[in-house]
Each structure stands twice: as C-alpha cells, then as structure tokens.
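**Student:** Got a structure here, written out as structure tokens. Questions coming.
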Amino acid sequence: MALDIESRKGYRSRLEIVRDILLVADDAGDSGSKKTHIMYGANLSYKLLTRYLDDVLDAGLVCEKGSCYLITGKGKEFLKVYEDYEKENVAVREHSERLNNGREELQRMLVLMRQ
C-alpha cells in the first residue's frame, strides 16, 4: 500500500495518519525508521509526529529499537484490516453514488411526465 499524498483532498483522519506512520515504518523493514524519516514520510509536523508516535507505541503497533521505530505484528495486522476497511468504504461510497444518480434520474423522469 503506497503513500499517495497527491490524491488526498482535505485533512487526513486519525486512522489515515496512523496508517501513514505504519506504512513508513513497514517500508523500513527490520532496520526501523528514525523519527525524522517517519515525519517526512508521513508528512507530519514534529508536534503531530510525537503525539501520534506515543499513540502507536501505547497501542503496540510499533516498538522502539534504539532510536528507531519498528512495526510490530499488531501494526501489520492494523494495516491489513485498514486496507480491507478502505476497500469496503470505497465500495459503499460507489454504491451510494449509484443510488443517488438513480434517484436523480427518477426525479427528472417525474418532471418530464408533468410536462
């Protein structure tokens, strides 16, 4: 799952930020990622990085190894569940859009019937 900052619109959710941190840590492999690498890779300010790093450490999604951060098995599971969630979310949004388009078409047809 690649980090695609260009296609984003608006602010990221808390889950998206956690996902981005975990993706950077996962990409680093067994050597881990330093804070600055995660900060730039996840596109975070230092203040936000420290806040979210505390959260993912407390949740057991990453662990510290010296000055580096490694993704844990729980963190990899989070990424898998997040990916499944995102696929389902996209499918629901597409289905909702089709329903709205169908309703609009029905409303247009109703207006034409009145004429």
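No lab work stands behind these numbers, since they all come straight from the coordinates. Everything quoted here is computed from the prediction, not taken from an experiment. Here the Cβ is made from the backbone with ideal geometry for all residues, glycine too, and neighbour counts use every protein chain on show.
**Student:** Let's see if you can work this out: charge +1 on each Lys and Arg Cβ, -1 on each Asp and Glu Cβ, no other charges. What is the dipole magnitude of the chain about its Cα centre, in debye to the nearest 20?
**Tutor:** 400
**Student:** Still on this model: Could you calculate the contour length gain from Leu48 to Lys35, that is, 0.36 nm times the residue separation minus the distance between their Cα atoms, to one decimal place in nm?
**Tutor:** That works out to 3.5 nm of additional length.
**Student:** Also, I was wondering about something else. Would you calculate the separation in nanometres between label points at Asp84 and Glu64, each defined as 7 Å from the Cα along the Cα-to-beta-carbon direction?
**Tutor:** Going from the Asp84 label point to the Glu64 one covers 3.2 nm.
**Student:** Normalising by the residue count of the chain, find the relative contact order in percent from Cα pairs under 8 Å and 6+ residues apart.
**Tutor:** 23
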